[in-house]
Each structure stands twice: as structure tokens, then as C-alpha cells.
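The values are calculated or read from the model by the stated rules, or taken from the named source; none is laboratory data. For clarity, every value in this text was computed on a predicted model and none was experimentally measured. Neighbour counts are summed over all protein chains in view; Cβ atoms, including those assigned to glycine, are modelled from backbone coordinates with ideal geometry. With ligands, DNA and RNA removed, areas are computed over all heavy atoms of the protein, side chains included. Shrake-Rupley method; radii C 1.70, N 1.55, O 1.52, S 1.80 Å.
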Amino acid sequence: MGRPACVLPCVASGPDSVGPWALRADTIHRMPGDRKDEPTPGPQRGQQPQGADATLYLHPQTLARLGSMDLRAKMIVEGVTSGAHRSPYQGFSVDFAQHRPYTPGDDLRHLDWKVYARTDKLHLKQYQQETNLDLVVMLDCSGSMAFGSRSFREASGAGRDTSPDGRREWAKFDHATALAAALSYITLRQGDRVGLACFADELKAMIGRSSQQSQWRQIVGALSMHPVEAPTQLGRAMDQLIAKLGNRCLIALITDAFGEIEELKSALARARHRAHDLILFQVLDRRELDLDFASPMPFEGLEGEGRLRVDPRALRKSYQRVVEEHLAAVEKTTRGFGFEYVRIDTHDWLGPPLAAFLARRNAQIKRSKYG
Amino acid sequence: MSLLHPILAGVGIACIAIPVLIHILFRRRRRPMAWGAMRFLREAYRRQRRRLALEQWLLLALRCLAILLIALAVGGLILGDRSVASGPRDVVVVIDNSLASSAETASETAGQSALVEQIEAARGVIAALGPADRVGVITSGAPVRAVVYPPSTDRQAVAELLESIEATDGAHDPAAALELIDQPGIEAIILSAWRSGSLPESVAAGLAPERTVTLAPPAEAGLDNATVAAVVPARSTIPLIGDGGRRTVASQVRVVLERSGPWVDRELERTVRLSLVQAGGTVPAGSATARFAANERRTEIVVPIAIDGAAAGLGVIRATIDADALAADNQARAPLELREQLGVALVGRQRSGLTSVERFGQTDWLSIALAPRPRDGVALELVDPAALDRSRLRAFDAIVLAEPAGVTAEGWRVLADAVEAGALLAVFPSSSADAQDWAQPMRSAFSLDASIALEPASVSDAIEPRAREDGLLALLAGELEELAPWVSIERLLDVEAGGMRIELASAAGRPLVLSIRPSPRSGLLVLSTLALDTRWSDLPLKPLVVPLVQELVRQGIAGGATQRTGLAGEVLEVSASSLDRLEPAGRAAIRDGVLVAERSGAWLTRDGRGRTQGVVAINAPAPSAGTDAADRETVAARLAPIAGEVAWLDAAQAPRDGGGSQSADAANHTLPLTLFLIAAMLGLLEAALARQASHATTARASEQPRAEAA
């Protein structure tokens, strides 16, 4: 429909620009136990992209909630470096895993002589190899993410009334970028690799995985500069992303998931097929759920769906029923592939649901590790 | 169904456009809302589209219907025809109290006039009305009078006022009566016997052709009635004859009689008795018997006036016939003035000591013609043309101008004033000079259109031995026939008549005597194109000259401002301030220079100082005295121009028959309230449906959790 793409948030230009992208020292919270002389993973003072304001995406309250958490993969992913995550490749590392009977051809160095002495049988010792977590944040940049009804001042916590591009509303994309920044921050703090993929009808931008401290700057820069445009084609974007991933990753899919269920199912099936883990963060605006308008008005689609004049009061019940059906289908589909599903409301603080999610995820990992 | 206030209803119905306009304006004002979840909105709309459309149309229909009902209620929707259904009803009873209503009815109700029957019928109509109905009364006999209008709810008082209605001698004028009903929605009921005298002869069409008029049924039988249609005295101003105490009058009166009713097919004799009615009393003036042949409706008779011991003065000559069904039309009257002498001023210079006829001038000839014998009823006085004086001329009944060339411009103005005051002015061409330069000042003074030659023309002509039947010389017809052929004319003043009436012409068709009355109440101006001079014609030497000049003067004096005739019920403009009754039965009044008589009679008119101005004779209109029976078709046809639709009021029936109409009345009374109630119920239903359709309660409920969340 020719709706011009908006940019969320915009990039302020010029070296003298202050405010939105000028990071304040007190906005970076160190985690408990961190040494002050050690560089903090993620954004560092003086390292911000010129003109980028991380406070818009990583609210101090969010960071405070996340500071004590470690992001752990539910599943054992393949890592290229040792880390806090278990590797699916059982080897001969530090942590004992199990014994197995000896078969001809096995390396005799791994025989457990103590078992042989006691039982007169040959068994090999097997150890679990710890590996690093690769997190790929897959962020939906489609037009529908531009909707928001919450005031920017209240949501950002940055003391501003409007976004850098002049909006007074806190869009779903704002919330999604904040979530992406939070996940990236935590991942980098753990020393794991993190990458970013922005998509709409195709993969629009991609930042390769890295655990370097400069990765934070690149991710925040990309989040702040990426335009919101075009309709969603999740399946195509997932195909393009998976083709770029050489190893198994944890994919954090942040989207409003307003597309067709079949397309979502197709995308998740491809991720499952490639043995990737996936967490679906469905970002929604409360008004999109309620259709809370008091008078008839024309509605115009953000992804070029045209205009429709309705009386929202008359349609509210039916609309809520349709939305609920869709959300239930999204959750059911996601969980049906064994993936996590998290619904996030832009009117809520990002911290509590994210912290609750991480706590639940860690608990699951512990249960699977220790029985 | 019809509407009492169609304009209000129209405005109300136009208000139906308001909800539509609001909807359209509302649509244009809104800015679109950018929406991400458009897919779900479209899906929800697809699911609800039919229900929403139904709700919207239903709401629109309810709103429009409610406004429509309110419009109809305000507009006064009634069941049935607007003219016969109302709530409450307004009824005007038009009662025929014209001349014909005085006719006494048939034997079973002998002695009772048709008017009494109509008043009884009016009481029945009023008694049949509902408690909230209003009634008015108008009498339709000329002059039409609104007894009670606008209609009143005090029906008892209206019924009592019916007693005060009296018959007039005027014509029946239902059109004027209906014209008084200037408000819409009022029922008109005309109560009349509809005998021929009550049928309007000609009514201006289009007065109120949409009005439905209820009529009383016509009387079934006619009544025998004879009418004195006209009384025409030969002269209206007559000099007394004779000396001493016993003065006589030599004149005659033509009396026209008409008759109607069943006796028309029979021969009939009526005795006509003349009376002279003066302020001093009434004296018999002669009688004669008039005869109607079978099937003859009109006859005339000439009755000689024979008065023994007449006295000079103003009065009327009255003709009376025998009594019959109608009394008021049994007599008619005409003004008559008896004079000791007629005062005539001869304006000219008379030369004394003339012995030769050839040396006689016009003044001499006129002097001889006007007063051939002493004390012959004419007091002649010679006035010098250069010494015309208003006060002096005021004393004369007639002014004969023998030498117009000697009259100055001021003199012509004085003469014009005298004519305006009622005097006769007879102008003869100047015989002493060929140049007739007086013509232009005269034309200016009297504003004449006539063209008068400046010099006489030499002709060889004679006098046409016939005069106009209604002209000044009508009574001279016999003499003209005998004497005119002996007169030859050699010189004549050519005159184009303009607006003047030719009283006498030459054999070649040239005007000889012309007359004009400059204003309705002024005297007469008579112009002769022939000078009484032997050089002009031999008329002065012929016997015709005396009767011709005498008739011009005597007849010209009559009919001036002092004598007026009229018909009862008609408007007569007069200059008098008051009336002095000559007959006891007459009833008339003067208001703002207009005399209106309800009953025929005779009156002396007086000016503001109480001086007698003249006499007025008012007669009953003869066409309104007809007593022939008429059928319903005839009545309806005569009333068609003033009544679009005619309904008949049967004798045993109220204006609207009882049960059905009363129930319709009740329904019409409650209909607007019912419409309002239905509209209110529709409004409530609309509010509930609109609330349900818009889910207004849901909107409020959804605000609660948000507030809590905040």
C-alpha cells in the first residue's frame, strides 16, 4: 500500500548530538561479583555508537532484574569454546558422565582400570564436555511492529516524551529491541557468542555471532538504525538465517507473530529440523488485544492491508476472540515443537517477564542435568 | 389520512435527513488509525459484517421512523378526510337570512319563515357537536355578518345568539360568507331553503374550491310570490302645479312586477298602489291593476301620479302590491322631489326692446323656451356671463349657458364647481360669433375628452326623430317623432363625443345633444351642438324647441347628488353623515361614507350640520325574491365555484352521524399522543439497541483493568 517505512528509533546525526545516544555512567549496572577492574561485557562507556542511547533499549530496571541471572541453554548446544554450557559431544573432559563397555578399537587410555579391577570387565569412562552458547536474536522488523499505544515517556524510563524520531508512542519494535539488547547483554556477559538477524519479508540485516566486547556496540547500533517496513514472511527469513548458521544455536525469535500459523509452523519446523533451540518472544501491545477504542474510526494497516472503517465497540468481542484464537495457536505450535514461548506485553516492564523466563529456564536445565 | 399542519409535518419529515447527515459528517471528520493487527480486525469484521450491517440499518430505520412519527404527530395526522375529521372540530354554521329566507313556508308550518327553520336546524347542528368542538355562526344574507367567529366552545351562548338573527332584504351571498372563514380545517355548513332567490346567480370561481361544504337540503316546494322589481318615475324632480293650498303633480310612474312559485302557470292580477312618502307623512299617489298572463313572470304597468294636496319636498314614490309569501319585496320605491319651482339661471345678455324675430339672439330664444308662461314651474333668472359667482349659482337647479364666449376662465371653474355640487349645466354654442373659442376652457374645466370644433360647419341636416330609451329625452319620444321632421339644420358645431353620451343626433348621425356626468354624485353637463339661432337652424321657430329645452332642463336636474337609489345589502357611497328614516321598516347605517342597508326603506340624508342633502331609496333585489323550488343538482351546480365538494345535511342527521364519526373523533384525538408514545418507545429501543450494538458497557468494563494496571 505504499506506506513509508519508519525507522525505529532513528539515528541522530552529527557529532555534537547529545541526549538520546549519550550513555550515562549510571545506566550501566555491574553484576554482583564482578570485579571493578574487569571490563564489563556489553556496552562500555565511550564505546557506544556515536548517537546511540542504550538506555532506550536496556532500561536500568531491566538490567537490575537480569544482573543475577545466568543465561543457560536448555539444550546442549554445540560450542566452539569451553564455557558454562554442556556439550552434546561426550568426551573426556572434566565432568564424568558415564561408563560404557569397551569395544575393540577404543582408545585404551580411557579405560577405567578401577572398574576393571573390581569387576574384571572393561569399561570406558565418558566425560561431558562444556561448550559455549551461541545466541542468535531474530528480530521482526515488519510494519506491524510499528504499532504502539503506550506513552514513550512511561515506557522508556529515559525521561523523554518522544522518541528520537518524534513519536510519542512506545512501539512494539521499541520493546522488541529492548528485549534483544537485554538478551545480548546477558549473553555477552557470560562470555558466549551472540548474533543479530533482522527480518521482515526476508532477512534484512545480519550481524555475525561473536563474543567480543565490540559486538554489543554493533548490535545496539543495528537495533537503533534498522527501519521498520514491509510485511512479514517468517518462513523465508528462517530459511535464510538457518542457511547462515553452521552450528546449532539458540534462536531468540522476537516477533508479534501476526502472520499465518502455517508459516510459523513451517519456520519452526525448519529450526527444529536443524536441531536449533528456539525461544519465541511474542511482543504484543495491550491495545491490540483489547481493541479499546470508544468511537467508530477508520483503521489503516501498517503492512499495506488497506483501510477499514469499523465501530471498534461493536467488533471488540469478535476481535478479541479472533486474537485469542491466534495467540493460542501460536503458543500451541511453538510448544508443539518443544520450544519455549513467552508472551510479552509492551505495557509491562521488560525485566520481570524476562527474569521469570530465565529463572524457569535455568531450573529446567538443572532438572535435566541432575535428574 | 390527512394532515392538519402539512407544513410542520413536511419540516419534521425533512428532519429524517439529520441522522444521515450526522453519519456522513462523522465519517469525514475521523483520521485513520494506523493498526498493526489488521488481519484480525478484518477477520472479526468478516465474521460480524452481516450482524453489524443489520444493526446499523435497524438503528437507522428506528431513528428515521421515530422522527417520522414525531413529524406526523406534530403535523396533526388524522384518520380520514381533514374536512370531516378533526380533533376537536371547528364548525361554522352559515345561515341564510337573505330576502328569500323571509318567505313563509307551506301549510303544515304556516306562518313560519324559512329563516326560523334554518335557525332550528342550526340548533340541531350545534347540539350534535362534541364537548370539545367549536362552533361559529355567519349569516349569509347581504350584508354578510359574522355572528360568532372565530368558532367558540361556548355552544350554549352561540345557540342563544341564534335568536338575534334577523332576515335582511339583501341577496344571498354564500361566497362572501365562506370567504370570511379564513382558517383552514374549519367545516362549513350552509343552512338554506335554496329557493331560487337563495341561489347565487354568479359566483367568482376559485374562492375556496378545495373546501368541502355541507348543505342543508333544498326545500321541496316553491312558494307563490310577486315582487315589485322596479319603480321608475317619469321625472324624479317635479314642479308642483297649481296655486293656493291644493297643489297637484302631473307625472307618471312605471312599475315592473315579477312573480315566481307555483302560480306562474296561472293568470294573475295584482293591484299596484302608489304612495308619496315624505318627511311630513305618506299620501296615496294613485293605483292601477297589473296583470300577468299565464306562464308570464314579468309585467309592467304605468301608473299616473295623482296626488291631492302635494307638498314640496324630498321623498320617495313607493309602489306596493298585495301580500304574498314574501312581504319585503311587495314594495319598492324611487326618489322623488316635488318643487314649487325649478331655479334656472340663464347665462347671457338679453337685449331689450326687440320686436323682430330675426334680431332675436340665443338668450332670447332660450328665455322663451324655458319660461313660455309665467309660473309654469320654472323660475328663470338672467345672469351675466362675466359675473358668474359661486354663491349666486348655488341657488339654481340648472344653469343654461347661452353665451359661452363671454365666460372667463375663472367663470368656467365656477361653473364646474356648480356642476360638481349637483347643478345641471346646459351649454349652447355661441351664436353671435363664428369662433367658438370657449370650447377649450370648457374642456379643461370639465376634463373632457370630447373634441369640439372651433367653428360651426355648414350642413344640410335634420333631427333624428328618435332618442335614447334610457336618455334624457326618453319622455320626449312622442314629440320627437311628430315634430323633429320639420326642423332643418344649416349650421352645426362638429363634436367628437369622446366620453360623452349622445342624447340626440341629426339625421346624418352628427351629435346634437351630448351629456356627461363628470363624477358619480355630480350634476349633469349637457352640450348642444346646435345654437338656438335662426342662422343655425329653424328650430327656434318650430314647436319642438319648447319641449326640447324644457325636457333637457327638467330631466337633467333629476338624478343628481340629491337622489340615490340602491339595493339592500349593497354598499352605497354617500357624502352624508346621518340618515333620517322616512319609512319605519327600513334598517340602514352610514359608516365611513358608506351606506349599508339590511332592510329596504327610504331615508333623508343629512350632512354634518344636520341639513338635508337628499333622499336615498333602498329596495330589495328582485332576483333574490325568487321562491321557486330547486333540486340538489341545481344547488350543487350553482355552488360549484365556491365548494369543491358538496355534502348534504339530511334533516334527521347530525353534521356527522353519531357512532362511527365519534369513534373516528376519539381515534383522531388520541392519534398524535399515540404517535408520540410509539416514537418514545422506538427511541428507547434505539438507545438499547445502540448500546448493545456499540458495546458501550464493554468499553467501560475494559477501562477498569487498565486503571488497575496503571
With Cα atoms, 0 to 90° folded angle of helix B:38-74 axis to chain B main axis: 30
Heavy-atom accessible area per residue - segment B:6-51, 1.4 Å, Å²: 71
Spacing of the two label points (7 Å from each Cα toward its C-beta) at B:Ser575 and A:Ile261, in nm: 11.3
Calculated from backbone phi, Karplus (6.51, -1.76, 1.60) coupling profile of segment B:288-294 in Hz, x at Gly/Pro: 7, 10, 9, 10, 9, 6, 4
Whose amide H sits under 5 Å from the amide H of B:Ile190, counting only residues 5 or more places off or on another chain, with H placed in the peptide plane? B:Val94, B:Thr214, B:Leu215, B:Ala216
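Are there trypsin sites (Lys or Arg not before Pro) in segment B:559-636 that DSSP puts in a loop and that have at most 13 other Cβ atoms within 10 Å, and which ones?
On the way: sites: B:Arg564, B:Arg581, B:Arg587, B:Arg591, B:Arg599, B:Arg606, B:Arg609, B:Arg611, B:Arg632; in loops: B:Arg609, B:Arg611.
Answer in residue order: B:Arg609, B:Arg611.
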Give me the accessible area of A:His99, 1.4 Å probe, in Å² rounded to the nearest 10. 80
Taking amide H positions as placed in the peptide plane 1.01 Å from N, state which residues far from A:Lys204 in sequence (5 or more) or on other chains have amide H under 5 Å from it. A:Cys198, A:Phe199
Measure off 7 Å from each Cα along the Cα-to-Cβ vector at B:Glu296 and B:Arg254, then give the distance between these two points in nanometres to one decimal. 1.6
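Across peptide B:45-55, how many C-beta atoms of other chains are within 10 Å of each residue C-beta, on average?
Details: counts 10, 2, 5, 8, 2, 0, 2, 5, 0, 0, 2.
Mean shielding by partner chains, rounded to a whole number: 3.
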Long-range amide H partners of B:Ala643, meaning residues 5 or more apart or on another chain whose placed amide H is closer than 5 Å, are none
Cut-off 20 Å, label point 7 angstrom out along Cα-to-Cβ of B:Glu358: give me the residues of segment B:475-493 whose amide nitrogen falls inside. B:488-491
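Is the shape of chain B best called rounded, prolate or oblate, per the rule: a/c under 1.5 gives rounded, else a/b larger than b/c gives prolate, else oblate, with a ≥ b ≥ c the square roots of the Cα gyration tensor eigenvalues?
On the way: a/c = 3.76, a/b = 2.18, b/c = 1.72.
It comes out prolate by the Cα gyration axes.
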Sticking with the crude label model, points 7 Å out along Cα→Cβ, report the distance from B:Glu482 to B:Thr282 in nm, one decimal please. 3.7
Stretched fully, the stretch from B:Arg349 through B:Ile24 gains (0.36 nm per residue minus C-alpha distance, one decimal, in nm) 107.0 nm
What's the angle, to the nearest 10 degrees (0 to 90), between helix B:17-29's Cα axis and the longest principal axis of chain B? 60
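Can you put A:Arg307, B:Arg468 in order of accessible area, largest first, using a 1.4 Å probe? Please list the in-between numbers first.
Values: A:Arg307 140, B:Arg468 90 Å².
Result of the area sort, largest leading: A:Arg307, B:Arg468.
Give the ranking of B:His23, A:His123 by solvent-accessible surface, highest area first, calculated with a 1.4 Å probe.
Values: B:His23 100, A:His123 45 Å².
My answer, sorted largest first, is B:His23, A:His123.
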With R₀ set to 45 angstrom, the calculated FRET efficiency between the beta-carbons of B:Arg468 and B:Thr670, to the nearest 0.05, is 0.05
